[in-house]
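Notes follow the structure.
Just so you know, all these numbers are worked out from the coordinates, no wet-lab data involved. These numbers were taken from a predicted model, which means no experiment stands behind them. We place every Cβ from the backbone using ideal geometry, glycine too, and count neighbours over all the protein chains shown.
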Amino acid sequence: MNKLILSSIILLSLNMLIAQKTKADVLLQLDERSEDFGTVAQTIWEYAEMGYMEEKSAALLQKTLANAGFSIKKGAASIPTAFIAEYGSGAPVIAVLGEYDALPGLSQKAVPEKSSAGLAAGHGCGHHLFGTASAAAAIAVKEWMTATNTQGTIRFYGCPAEEGGSGKVYMVRDGLFKDVDVALHWHPNAKNEANAGAALANKSAKFRFYGISAHAAASPEKGRSALDGVEAMNLMVNMMREHVPEKARIHYVITQGGKAPNVVPDFAEVYYYARHAKRDVVLEIFDRIENAAKGAAIGTGTTMDYELIGGTHELLPNLTIQKLMHDNLTKVNGITYTPEEIVFADKIAKTMGYDKADQETAKIIQPYQTEAIPFGSTDVGDVSFTVPTAGMSSATWVPGTPAHSWQAVAAGGTGIGQKGMMVAAKTLALTAIDLMADKDLINKAKEEFVERRGADFEYIPLLGDRPPALDYRK
């Protein structure tokens, strides 16, 4: 064999060993810092700040990343609680998405029975873990880049108001992902998986009806009830459910309906979501909801307007990156409960109708799948139509726990949630490192991206040109 070729093979093998050792060190260092990152997550769990109100949560993540050597750009997309943290320069640019908003009405202590913590909100979707794990992964990748003298950019996107506020949509609309090569994300769950994701496109609005106040008993004929407008609208939309595609979803909640039964309400408001796996269908359904509102106003002698609150695309999968992420999750593996955590998990499981917790599901990685059935919605969808995107989930909740539940809030405030969080941090870090080290893999992901999305695709945000709905939770 030619000596030059032999030398090249030896050098390549040596470099591979160094890279493998460095990745092993990355995992070890994340283990060593798990307590510190757990403290960050727990603090954000206690803040429990709702969408566009996450001032303390965003500030803590910014401080954590700045202390690790990242530059911070605050107020991204004209949103006070959105930010970008960056390290390095040039290509490739790997984005890691982080969220940190809580849900209203889910206040809960970290105990295995329903018990309010006395707060306005709670982390029923685990975004305190989401943001922290993503930040931990970005820091780990930065340190790997420094140690291996790797060229490129690791960028953390601080994304507020995922829960209905469509924070990432404004960031996409402002072109903040235009130079990104790949975007990575994750989400808390009750199991470990890194399969091709799916999500429902979503469009939401608050419909506001205006009537005339009057004494409901003495002079009802002089009144025009705004609440009648809301109820008439809801009745028509509920009849419409029979005549929409089977897998469409429509939800609403009356946010304001009057103050006293003996006063004809002159103002009422109802908050609507329309969802489907295809955004074109969502737009059609929303137009019909709007027409129901107009008809309700005419029929009740009231007037109506509405404010578009949010709108998100469905999720566009990228199997090239997704399979890589699954392989890395398999290397990291799931979590094992301590005896104390088993007691907690068993009690939580009983509140959901199980005899005891399914510990095995928390330990294992689900088989890889290239297709998924969409249920919820996420503004990651808009990112996925802008740049090749892949995600995963880990068992931060007791198996069987539904998202947006008090059980999810409770587990997220314990070591169970923090263990699952570190599984995500490790998987994201390994995946980003692999992408940094393999430009051909990025190119393959981009080719798949263009093929799936279509070369002539034009991005049009479902929420139009409205400014960020910063007060949608107020």
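Quick notes on this structure:
- Subtracting the Cα-Cα distance of Thr338 and Lys73 from 0.36 nm times their residue separation leaves 91.4 nm of extension gain.
- Ordering of 216-224, 288-296, 187-195, 440-448 by packing [mean C-beta count within 10 Å, highest first]: 187-195, 288-296, 440-448, 216-224
- Amide H contacts of Gln256 (H built 1.01 Å from N, under 5 Å, at least 5 apart or other chain): Glu269
- Taking the three principal axes of the alpha carbon atoms in segment 58-182, the coordinate ranges are 50, 32, 21 Å, sorted in descending order.
- Difference of contour (0.36 nm per residue) and Cα-Cα distance, Leu28 to Lys294: 89.8 nm
- Per-residue Karplus couplings for segment 34-39, computed as 6.51 cos²θ - 1.76 cosθ + 1.60 with θ equal to phi - 60°, are listed in order as 4, 5, 5, 5, x, 5 Hz, Gly and Pro entered as x.
- Rounded to the nearest whole angstrom, the semi-axes of the ellipsoid equivalent to segment 76-128, taken from the Cα gyration tensor as √(5λ), stand at 34, 13, 7, largest first.
- Each of the peptides 153-163, 375-385, 306-316, 101-111 was scored by the mean count of other Cβ atoms within 10 Å over its residues; in descending order, highest first, they stand as 153-163, 375-385, 306-316, 101-111.
- Antiparallel bridges, percent of DSSP beta bridges restricted to the chain (to nearest 5): 70
- Its alpha carbons give segment 226-356 an Rg and a Dmax of 22.7, 65 Å.
- Karplus 3J(HN,Hα) series, Hz, for segment 246-254 with 6.51 cos²θ - 1.76 cosθ + 1.60 (x for Gly, Pro): 3, 8, 6, 10, 10, 10, 8, 9, 7
- The slack between Glu35 and Asn238, meaning 0.36 nm per residue of separation minus the straight C-alpha distance, is 68.2 nm.
- MRE, 222 nm, helices only [DSSP H, n ≥ 4, -39500 (n - 2.57), over the chain, to nearest 500]: -14000 deg cm²/dmol
- Applied to segment 427-432, the Karplus parametrisation 6.51 cos²θ - 1.76 cosθ + 1.60 on θ = phi - 60° returns per-residue 3J(HN,Hα) values of 5, 4, 4, 4, 5, 5 Hz, with x for Gly and Pro.
- Shown is the FRET efficiency for Asp465 and Ser115, computed with R0 = 51 Å from the Cβ-Cβ distance and rounded to the nearest 0.05: 0.70.
- Beyond 25 Å in Cα-Cα separation lie the following of the pairs Lys23/Lys323; Lys63/Lys168; Lys203/Lys247; Lys74/Lys109; Lys331/Lys419; Lys142/Lys323: Lys74/Lys109.
- P(r) tail fraction, the chain - alpha-carbon pairs more than 31 Å apart, %: 46
- Modelled spin-label separation between Asn262 and Met352, with each label point placed 7 Å from Cα along the Cα-to-Cβ direction: 4.8 nm.
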